[in-house]
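Accompanying notes for the structure given below.
Computed from the coordinates by the stated procedures, all read-outs in this text should not be read as laboratory data. The structure presented is a predicted model; accordingly, all values stated were derived computationally and were not measured. Every residue, glycine as well, gets a Cβ built from its backbone with ideal geometry; the counts of neighbours run over all protein chains shown.
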Amino acid sequence: MVSKSASGAGFNETTTLTLIAENGTRYTYQTVTLNGSTSIRATFDGTVPAGVYKLEVQNDSDTPVIIDDAVTIISVIEAVANFEASVILPSGLTGSSLDTIYIEYTNTGTCATFVHLFQKHMGTLIRLWKTMPLPAGSEAAGK
């Protein structure tokens, strides 16, 4: 399944979203969700091959709008999560006073990954607190 959202104006019940491959092959949505006149989301079935696609948006009253290079679909083989983290320590960290340690992390890969959130435990230990998704190209920081 591939989902694509579009923002703009004038979306209605007749609005369609179509992916157009470089060779002209057209893939019409399987389901569409209208989120109001300024937002729409379409889901395409899993048969759309990897590649870069134009997105055509059209309703019954207007000429279609075509956005070049709007969607890139990668194959499972190409999907790589690349989690990078760095710990920022305050200068003069002694362990005998309260200090804040920052953990900055990013996913520079091509697919989502899961990240771990941490919390202090018993004043000195840091332990796993929660796991949450981090989409490709996202950054986050915690303390």
Self-check item: Those residues of the range 40-81 which are among the aliphatic types (A, V, I, L, M) and more than 23 Å from Cys111 (Cβ to Cβ), in sequence order
Solution: Ile40, Val57, Val65, Ile66
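Hey, can you tell me all the residues within the range 10-29 that are more than 17 Å from Asp68 (Cα to Cα) and touching a residue at least 24 places away in the same chain (Cβ under 8 Å)?
Listed by number, the residues that qualify are Gly10, Phe11, Asn12, Thr14, Thr15.
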Exercise. State all residues of the range 39-64 that are among the β-branched types (Val, Ile, Thr) and within 24 Å of Met1 (Cβ to Cβ); if no residue qualifies, say none.
Key: Ile40, Thr43, Thr47, Val48, Val52, Val57
